[in-house]
Amino acid sequence: MRVGEAAFCADSGPVAPCPPMPRPAVVHSPAYQCEIGPHVFPVEKYERVVQALIELGELRREEIILPDPAPRDDLLLVHTPEYLDDLAHARRTRRTSCSEMPLSAEIAHAHVVAAGGTTRAAREALSCAVAVNVGGGFHHAFADLASGFCYINDLAVAIRVLQRDGRLRRAAVVDCDLHQGNGTAHLFRHDDDVFTFSIHQENLYPVKETSDLDIGLESGAGDDEFCGRLAEGLGRVWAHDPEIVLYQAGADPFEDDQLGSLKLTFAGLETRDRLVLAGAHGRGIPVVVTLGGGYARRLADTVRIHTQTCRIALQLAAGSAAGTA
Ligand SMILES: [Zn+2]
């Protein structure tokens with residue numbers, strides 16, 4: 001059912017309208033597509049995924065929630081003032097220059113908006129079960145150090161904001177990107193309320209931090225091994241009894257990715273997504289999708305993988321709205 005359509009309860013009389021059904025929340029900002037020059041990170045993927053979801057009939061553009069940039073007070077729950085000052089002035093310092101992403105005011109702003117986007121999606125997920133940020137997943141960022149292509153750890157910001165606001169206590173991050181979620185692991189290393197799970201290629205960037213659960217796969221691992229090990233790991237996540245799951249759904253475990261050598265197919269990535277998303281949703285746990293990495297030789301493949309992830313999430317949410325999940 002679309003927003004604005006009339007809804008009537010079958011068993012409650014001829015004219016009694018049902019309360020409005022929750023709609024899946026899709027958060028996205030054009031600011032995510034910042035100018036980064038020649039680079040392996042395809043920032044154009046974000047708008048391409050939005051467009052694909054619209055063409056598939058999963059989304060209408062007017063339904064997209066435009067996030068505000070994360071306020072400094074929210075960012076300070078995760079990052080140091082000195083580091084945020086560097087970003088605010090686009091300064092290359094020892095804190096920011098570790099990044100493999102250029103730094104400009106526009107790029108810093110994009111990462112602050114992405115943090116606002118994941119935070120908004122997490123808030124929405126608490127009321128409508130499933131939410132998607134068509135962006136985010138910048139899991140390499142530390143409190144006072146940029147890393148990889150990441151400046152602001154939007155996953156950590158979203159969890160810390162919801163905790164501060166009293167919306168939840170226990171959370172989990174399920175990180176299925178090719179690369180370990182080192183920043184996220186480090187940020188929550190002393191927090192028993194936040195369970196961090198990363199499944200990734202072992203012999204690859206970054207230098208590993210210690211998550212609550214790490215599964216490091218050998219080069220060449222394919223669908224069966226990835227999904228089998230993932231399913232085992234998810235058992236630990238569910239045992240933590242999280243009140244929300246933030247899913248980092250990187251597209252880079254794909255077999256034709258330029259940065260890694262895992263060998264997941266489109267079908268394997270779909271199975272992965274269903275294990276996480278249906279697993280959380282079926283247990284009544286709100287879940288938030290963030291996109292993370294993705295460097296397939298063909299941009300269309302990265303877009304296809306992310307679009308499939310979002311589509312599964314939206315269909316799960318629509319199913320619950322219709323009482324058919
Ligand atoms: Zn990655």
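The values are calculated or read from the model by the stated rules, or taken from the named source; none is laboratory data. All of these numbers come straight from a predicted model, not from anything done at the bench. Using ideal geometry, Cβ is built from the backbone for each residue, glycine included, and neighbour counts are taken over all protein chains shown. We work out accessible area using only protein heavy atoms, side chains counted, and drop any ligands, DNA or RNA first. Shrake-Rupley method; radii C 1.70, N 1.55, O 1.52, S 1.80 Å.
Miscellaneous remarks
- Selection from segment 276-301 of residues that are outside any strand (DSSP E or B), touching a Gly at 6+ places or on another chain (Cβ under 9 Å) and crowded, with 24+ Cβ neighbours inside 10 Å: LEU291, GLY292, GLY293, GLY294
Table: residues versus (1) among the basic types (Lys, Arg); (2) away from the ligand (no atom under 16 Å from the Cβ); (3) outside any loop (DSSP other than H, G, I, E, B).
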residue	(1), (2), (3)
PHE197	no, no, yes
SER211	no, no, no
GLY216	no, no, yes
GLU225	no, yes, yes
GLU232	no, yes, yes
GLY235	no, yes, yes
GLU243	no, yes, no
GLY250	no, no, no
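- Remark: ASP273 matches the filter, which requires a residue to be open to solvent by less than 40 Å² (accessible area, probe 1.4 Å), modelled with pLDDT of 95 or more and in contact with a helix residue (DSSP H, G or I) (Cβ under 8 Å, 6 or more places away or on another chain).
Quick grid of which residues meet (1) of a type outside the set (Asp, Glu); (2) open to solvent by 20 Å² or more (accessible area, probe 1.4 Å); (3) assigned to a helix (DSSP H, G or I):
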{"site": "GLY117", "(1), (2), (3)": "yes, no, yes"}
{"site": "ALA121", "(1), (2), (3)": "yes, no, yes"}
{"site": "PHE142", "(1), (2), (3)": "yes, yes, no"}
{"site": "LEU145", "(1), (2), (3)": "yes, yes, no"}
{"site": "ALA156", "(1), (2), (3)": "yes, no, yes"}
{"site": "LEU168", "(1), (2), (3)": "yes, no, no"}
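- Residue check, VAL207 open to solvent by 50 Å² or more (accessible area, probe 1.4 Å) and either within 15 Å of the ligand (Cβ to nearest atom) or in a loop (DSSP other than H, G, I, E, B) (or both): yes
- Residue match in segment 206-217 (condition: touching a residue at least 40 places away in the same chain (Cβ under 8 Å) and of a type in the set (Ser, Thr, Tyr)): no
- In segment 278-300, the residues that are closer than 15 Å to VAL26 by Cβ reach residues that are crowded, with 19+ Cβ neighbours inside 10 Å and among the aromatic types (Phe, Trp, Tyr) with C-beta atoms within less than 7 angstrom, at least six apart or across chains, in these pairs: VAL287/TYR247; VAL288/TYR247; VAL289/TYR247; THR290/TYR247.
- Conditions (1) crowded, with 22+ Cβ neighbours inside 10 Å; (2) closer than 26 Å to ALA280 by Cα; (3) without any contact (Cβ under 8 Å) to a residue 60 or more places away in the chain: number failed by CYS150: (2)
- When we screen HIS39, HIS111 for residues that are in a helix (DSSP H, G or I), under 23 Å from ASP177 (Cβ atoms), within 16 Å of the ligand (Cβ to nearest atom) and not hydroxyl-bearing (Ser, Thr, Tyr), the only hit is HIS111.
- Residue satisfying all of: in segment 32-42; over 17 Å from the mean Cα position of the chain (by Cα) and surrounded by 17 or more Cβ atoms within 10 Å (Cβ to Cβ); nearest to ASP257 (Cα to Cα) among these: ILE36
- The residues on offer are THR290, THR307, THR265, THR271, and the sole one that is more than 16 Å from the ligand (Cβ to nearest atom), closer than 17 Å to ASP175 by Cα and of a type in the set (S, T, N, Q) is THR271.
- Residues (in contact (Cβ under 8 Å) with a residue 12 or more places away in the chain, open to solvent by less than 60 Å² (accessible area, probe 1.4 Å) and in a helix (DSSP H, G or I)) located in segment 43-73: LYS45, TYR46, VAL49, VAL50, ALA52, LEU53, GLU63
- When segment 124-140 is filtered for residues that are buried (at least 24 other Cβ atoms within 10 Å of the Cβ) and assigned to a loop (DSSP other than H, G, I, E, B), the ones remaining, listed by number, are VAL134, GLY135, GLY136, GLY137, PHE138, HIS139, HIS140.
- Residues being within 16 Å of the ligand (Cβ to nearest atom) and open to solvent by 10 Å² or more (accessible area, probe 1.4 Å) - total across segment 170-183: 1
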